[in-house]
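Where a number appears in this text, it was derived from the coordinates with a stated rule and is not lab data. Treat the numbers as computed from the prediction; the structure is a model and nothing was measured. Every residue, glycine as well, gets a Cβ built from its backbone with ideal geometry; the counts of neighbours run over all protein chains shown.
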Amino acid sequence: MLCSQCHVTMTKEQTYDYSADVEQFLVTSWRCGRCEGQIEEIVSHPSEGRAPRRIRYAVRPWSEPAGVGAA
């Protein structure tokens, strides 16, 4: 996976799954080593033998450096 900000290869941080009655979700967290950006990739695995699908990328907000945004 490439970082959307600086376009370098991201490192996989952790993976976990969540099972519901109808679907199973696989969540993978990625971190950029250059800008420290994080992305979570969420993939849905429906029951009944249907194909898995990527739901979306959830981008975590970056924290602002001290003094930024202060009035």
Phi-based couplings in Hz for region 27-38 (Karplus 6.51, -1.76, 1.60; Gly and Pro marked x): 10, 10, 9, 10, 10, 8, x, 8, 9, 6, x, 10
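What does the charge count around K12 come to, taking other residues whose C-beta lies under 12 Å from its C-beta (Lys +1, Arg +1, Asp -1, Glu -1)?
Counting the neighbours of K12, the net charge comes to -2.
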